[in-house]
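Have a look at the structure below, then the notes.
The values are calculated or read from the model by the stated rules, or taken from the named source; none is laboratory data. Source: prediction; values computed, not measured. Heads up, the Cβs are rebuilt from the backbone with ideal geometry, glycines too, and the neighbour counts pull from every protein chain shown. In case anyone asks, the SASA skips ligands and DNA or RNA and just uses the protein heavy atoms, side chains included. Shrake-Rupley method; radii C 1.70, N 1.55, O 1.52, S 1.80 Å.
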Amino acid sequence: MRFQPIDQFAAGLPADKRASVYQSTKTTHEKRTKLLFDQFTDPNRLRQLAGEIKQHALENLDTYLPKVEAKLKANGAQVHWASTGEAACQKVLEIMQARGATKMVKSKTMVSEEIELAKFLKPHGIEALETDLGEFIIQIDDDHPSHIVRPIIHKNRREIAQSFEREGLGAYNDDPETITRRARHFLRHKYLAADVGLTGANFVSAESGRIVLVTNEGNSRFCLAATKVHIALIGIEKIVPRDRDLGLLLNLLGRSGTAQDLTVYTEFINGPKSTAQPDGPEEMHVIFLDNGRTDVLASDCREILRCIRCGACLNVCPVYRQASGHAYRSVYPGPVGAVLSPLLMGGKFAQKADLPKASSLCGACHEVCPVNIPIPDLLLRLRNRAKEENVPSPGTPPMGAWALMASQPTAWKAALLGGKLLDYVPTKLIPVPALQAWSAQRALPAWRGGEFRKWMKQRKR
Amino acid sequence: MSDDREAILSRVRGALAPLHERAPLPVYDSEIAVMRSLIAGRDLAELFAERLKRVGGLTFTSPAELVAHLQAGQWRHGYCDPVLWPVLAPHFGPDFTVELTFDETRVDDYAFGITRAAAAIAESGTIILDDASTSRRLAALAPWVHVAVLARGTIFSDVTQAVAALGADRNVVWCTGPSKTADVEGILIEGVHGPGAQIALLV
Ligand code: SF4
């Protein structure tokens, strides 16, 4: 293999996709920065505080988890726990089967994607339909999201129009407004016919047991207005200590992710619907999922669990902008995914060990992160782990010869003298894969070795 | 799955055991996340209207204005919270059909839904709905136009204040403008699943 997997994926990306990913991530990033710095006197302090709050919550999960469980129960929700993705899928199935339910609408749940819930439920005769416009298109195309906040950033309107035509949602029409209206019409009847609404959570307050959900489209609202059973599938890292911390986090989330003061809809759910309210779930289930998160908590990369999935690090990342999301081969792409995805692989870490290496460590992701995650540091720790676990690293040139030269002055001098020869060697023909890969896109400049030594000598005199 | 509960909690305890000290909960003043320069000295109703406009919503200060707007948009069939209707009815002409019950089997019949707002946030132009004040969750959500009737005295200045006042209601929804998406090629389209037009009627 000449390249790492992420490079191979990125190399096959069509130029128009690369350009559109680049353009839209750049625009969102610039708007975000302007908003934060125009509106707050000390936006960096906000990010630090938010990071400290979430770090505190993570390092005290042993007390917060039982606390939030008790609160949720007091609010009238039933609480379940799932160590693995399969266990969570099984639990969802049990809840549905106990009610003879066959139709589910989903909203705001990357976790269900992570554990491949829809695929699990299908053979049991259960339809689990995505309702976010982008996620819905992903689902009908049997595709994967390529951005945390903008799942179909890699698709253009023509592809979407073709999918809609194929699915019987109307004759070919690639006007974005028409596409949206058709989805609106189709999906509202799906909500109304569904038995169960499944959501994730952006935050859960340990103080009140309040579940917070944010969407721009209103799909989570519809799930919770039209169905009678609500299942919230939540990773254990979503807990925040108090309600007042939500104010700070919500202010950061909308601005960081989509450059909005607040996301359009922020829902605070405090149990099943109230008795006087005609619409909404009479029954609420919360499933807390581990699926590798406690391993991350035990690792030296636990800071990544602070992530509030805003997508800002993707938008600013020069590697993401070039490679796009699918190159990361995970539900979580970009810088956050480069840390989280290998960690969540458990024993199969090696399969994604290339991701932490696909970074120039420029630090932009750390600078924008609303919870101040030191992503470059975490990437280095993971590179180190790959080294310790002897994970092979295709495309990385052997450094042995360099180490020898750099530590032996005589060898160094000899190399400088011989270097001139390089001007006459056709580098492309040297049968070292790493070198060939490198020179495929680049040419060596003319040899200038030894200039510095010459200059030093003259200076002394 | 109570065994999963024990398993998860014991893994959490195991993961945290080696930490010599745990990160403390930072002490901070919520004021840090308030856009004070925006709010200071402003009439909250005015600021709210301005901020709602910025996110694509509209504010009216009289039922007559609202009715004229609905008329102009040709939204003539809708739902109204029965509690509000006695006050609003005199403003609606005979060419309107307003139902006081919401029949979800005819969800597409309703062009507008009028319900009460529980409160609002000036800083962000947010309308706050909750179970106690919303006659039907669906009626505030499914029609193309949602009109929230908002009492002037219930406007909070900022997000922080509104969080502090969340209370015990089972379902509090902050609506900051109409439903939106930019999923297709980053182009902003309003009215995906929720209202394509968000209106506040100040009373
Ligand atoms: S790591 Fe930070 S910037 Fe990236 S998605 Fe998570 S919260 Fe946002």
Count, please, the residues in the range A:68-77 that happen to be crowded, with 22+ Cβ neighbours inside 10 Å and more than 11 Å from every other protein chain (Cβ to nearest Cβ).
2
Scanning the range A:149-181 residue by residue, those touching a Phe, Trp or Tyr at 6+ places or on another chain (Cβ under 6 Å) and either facing chain B (nearest Cβ under 10 Å) or closer than 27 Å to A:GLY311 by Cα (or both) turn out to be A:ALA161
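Out of A:LEU224, A:LEU246, report the one residue that is closer than 22 Å to B:TRP174 by Cβ and in contact with a helix residue (DSSP H, G or I) (Cβ under 7 Å, 6 or more places away or on another chain).
Values: A:LEU224 fails: in contact with a helix residue (DSSP H, G or I) (Cβ under 7 Å, 6 or more places away or on another chain).
Criteria check complete, one pass: A:LEU246.
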Among the residues of the range A:228-261, what is the count of those that are away from every other protein chain (no Cβ under 11 Å), more than 16 Å from the ligand (Cβ to nearest atom) and of a type outside the set (D, E, K, R)?
5
Out of (1) modelled with pLDDT of 95 or more; (2) facing another protein chain (nearest Cβ under 7 Å), the odd one out for B:GLU185 is which?
(1)
Could you please tell me which pairs satisfy a Cβ distance under 8 Å, a separation of 6+ or placement on different chains, a first residue in the range A:127-140 that is under 12 Å from A:TYR191 (Cβ atoms) and more than 10 Å from every other protein chain (Cβ to nearest Cβ), and a second residue that is part of a loop (DSSP other than H, G, I, E, B) and modelled with pLDDT of 95 or more?
A:LEU129/A:ALA194
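Given the condition of a type in the set (Ser, Thr, Tyr) and surrounded by 18 or more Cβ atoms within 10 Å (Cβ to Cβ), answer yes or no: does some residue in the range B:51-62 qualify? Step through it out loud before you land on a result.
Step one: of the range B:51-62, the residues of a type in the set (Ser, Thr, Tyr) are B:59, B:61-62.
Those left that are additionally surrounded by 18 or more Cβ atoms within 10 Å (Cβ to Cβ): B:59.
Yes, the range B:51-62 contains at least one residue that is of a type in the set (Ser, Thr, Tyr) and surrounded by 18 or more Cβ atoms within 10 Å (Cβ to Cβ).
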When residues of the range B:129-163 are filtered for being within 10 Å of another protein chain (Cβ to nearest Cβ) and under 19 Å from B:LEU38 (Cβ atoms), how many remain?
6
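Taking the criterion of being away from the ligand (no atom under 16 Å from the Cβ), open to solvent by less than 20 Å² (accessible area, probe 1.4 Å) and either within 14 Å of chain B (Cβ to nearest Cβ) or assigned to a helix (DSSP H, G or I) (or both), would at least one residue in the range A:400-418 satisfy it?
The answer is no, given that none of the residues of the range A:400-418 is away from the ligand (no atom under 16 Å from the Cβ), open to solvent by less than 20 Å² (accessible area, probe 1.4 Å) and either within 14 Å of chain B (Cβ to nearest Cβ) or assigned to a helix (DSSP H, G or I) (or both).
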